[in-house]
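The structure under discussion appears below in the form of structure tokens.
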Amino acid sequence: MGQLQLQINATGLQGEIQIPGDKSISHRAVMFGSIANGTTKVTNFLLGEDCLSTISCFQKLGVTINQEDNQVTILGNGLSGLKEPTDILDVGNSGTTIRLLMGILAGRPFHNILVGDHSIGRRPMTRVVKPLSLMGAKIDGKNNGEFTPISIRGGELTAIDYRLPVASAQVKSSILFAGLQAKGTTTIHEPAKTRDHTERMIRHFGGEVESDGLTVKISGGQTLTGCDFKVPGDISSAAFFLVAGAIIPNSEILLKNVGLNPTRTGIIDVMKDMGANITILSKGIDEAEPTGDIIIKTSQLKGTTIEGDMIPRLIDEIPIIALLASQADGQTVIKDAHELKVKETNRIDTVAGELSKLGASIEATDDGMVITGKTALTSGEVHSHGDHRIGMMLAVAALVCRGEVKLEDAEAISVSYPTFFQDLNKLYR
């Protein structure tokens, strides 16, 4: 795709969209299906590059996985059915794939080498390597296991009592996967509540995990059973249309089948606090996850402060929240978001830099941003830096810019939302 020229000047977005499957949950559905006994059928699977990398890795580990459009059938033979791969496991751009997969492989008695793209090569793995090593896995990599390529020789694991140094669902999930295979009960203490998709899915596949506030416990030696699983729409993908609907005049968008897991709905809480006109319809439980439809209408917005325990509930949505804040009256302050520095890009500096090119008043800080609105955005040349969420944020920004926006590396958007531009085109008035 290369450079994309956007001159939208939207006068209103109207209609409804079926949000694609949740990326985090799609990853986990394939992983649990692969280590369970029996057949697992996953529907509404996200056909993004990251999730396809997860399928590829488990196929190399000897799991039979058949994919037809967004339905995936996995023939699992349990953890013992995983085989030593004959090839390197390439996770592409997916941090979820590599970190969670490390937890699974930590207990398998064979050797693996994991690599990824250039972005993965810069992302810290020590936060996963340390607890897994304490449990008994033999792990090495560049800079003493901090960066890929990562080498793992798994084996017998022993349960640990571990306090996470950062609020990270990926690290928690990696330890839970290892804990399923360890002798004894593994206990994890979180500094703040993170997304709980892994815990919900363990129960859905017939396992047991105990959650009590910020403490999670899991006993080893459990056997999981294959099942059917429907993936809800990804609220992180819905966030781009929630913001577009709020900041574009004369807009009303219905977003269908969106996951409403309370550990992920920080974007809705923040938007309501800023004055967004949001209505949630038809709440229910779809498999293990709460879901619902959301209506967003053009809104009068005001600045706010986002910090503390709210951050893990919207960490992936902060780039689009920064755009939202640029179109709100007053100042918005984002704090305690250090994790943005170790995502696909340093999202603090990258978001501030790219939005500034379009005229936004935004300042990067050590742990977040300060955005002053309301600011009229103008034409310019911007770059996704290979980060799908920044690419989509800039595409939404083009909706309110006066003049043409040129977006470099727009193809990065396909990582989590391959049909983003088709869905956007459906809403033009």
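No value in this document is a laboratory result; all are computed from the given coordinates. Owing to the predicted nature of the structure, the values given are computational and were not obtained by experimental measurement. Quick reminder, even Gly has a Cβ in these numbers, built from the backbone with ideal geometry, and neighbours come from all protein chains shown.
Assorted remarks:
- Divide the volume of the convex hull around the Cα atoms of the stretch 252-381 by the residue count and you get 116 Å³ per residue.
- Too-long pairs where the Cα-Cα distance tops 26 Å, listed order kept, from 23/374; 23/142; 60/230; 193/297; 172/256: 23/374; 23/142; 193/297; 172/256
- Extreme residue, positive dipole direction of the chain, given options 417, 71, 214 (C-beta unit charges): 214
- Long-range amide H partners of residue 406 with built H, under 5 Å: 6, 380, 381, 382
- Whether the stretch 337-429 is rounded, prolate or oblate, judged on the alpha carbon gyration tensor where a/c under 1.5 counts as rounded: oblate
- Volume per residue that the Cα convex hull of the stretch 170-229 spans, once the total is divided by residue count, Å³: 75 Å³
- Shown in residue order for the stretch 128-137 are the 3J(HN,Hα) couplings computed by the Karplus curve 6.51 cos²θ - 1.76 cosθ + 1.60 at θ = phi - 60°: 9, 4, 4, x, 5, 5, 4, 7, x, 6 Hz (x for Gly and Pro).
- Taking amide hydrogens as placed 1.01 Å from N in the peptide plane, the amide H of residue 291 sits under 5 Å from those of 260, 284, 285, 286, each at least 5 positions away in sequence or on another chain.
- Inter-centroid distance (Cα atoms) of the stretch 181-204 relative to the stretch 315-389, Å: 32 Å
- Percent antiparallel among DSSP beta bridges (both partners in the chain, rounded to 5): 70 percent
- For the chain, calculated [θ]222 nm from helices alone, where every DSSP H run of n ≥ 4 adds -39500 (n - 2.57): -8500 deg cm²/dmol
- ³J(HN,Hα), Karplus 6.51/-1.76/1.60, whole Hz, each residue of the stretch 110-116, x for Gly, Pro: 8, 9, 9, 10, 10, 9, x
- Extension gain, residue 279 to residue 113, is 55.1 nm, computed as 0.36 nm per intervening residue step minus the present C-alpha separation.
- Potential lengthening between residue 39 and residue 366 on full extension [0.36 nm per residue; Cα-Cα distance subtracted]: 113.0 nm
- Relative contact order (%) - the chain, alpha-carbon pairs under 8 angstrom, separation at least six: 19 percent
- For the stretch 45-193, the square roots of the Cα gyration tensor eigenvalues, ordered a ≥ b ≥ c, give a/c below 1.5, which places it in the rounded category.
- Under the convention that each Lys and Arg Cβ holds +1 and each Asp and Glu Cβ holds -1, the size of the dipole of the chain around its Cα centre is about 460 debye.
- Phi angles across the stretch 191-198 convert, under the Karplus curve 6.51 cos²θ - 1.76 cosθ + 1.60 with θ = phi - 60°, into 3J(HN,Hα) values of x, 7, 5, 10, 3, 10, 4, 5 Hz, Gly and Pro given as x.
- The stretch 271-429 - percent relative contact order, Cα under 8 Å, separation 6 or more: 17 percent
- Less than 5 angstrom separates the built amide H of residue 306 from those of 333, 334, 335, all sequence-distant by 5 or more or on a different chain.
- Shape category assigned to the chain from the gyration tensor of Cα positions, a/c cut at 1.5: prolate
- Stretching residue 222 away from residue 203 to a fully extended chain increases their span by 5.7 nm, per 0.36 nm per residue minus the current alpha-carbon distance.
- Here the stretch 23-67 is treated as an ellipsoid with the same Cα gyration tensor; its semi-axes, largest first and in whole Å, are 15, 12, 9.
- Spin-label pair residue 70/residue 381, simplified geometry with 7 Å Cα→Cβ offset, distance in nm: 3.6 nm
- Here the calculated FRET efficiency for residue 133 and residue 185, from their Cβ-Cβ distance with R0 = 30 Å, stands at 0.95, rounded to the nearest 0.05.
- FRET efficiency, 1/(1 + (r/R0)^6) with R0 30 Å, evaluated for residue 18 and residue 297 via beta carbons: 0.95
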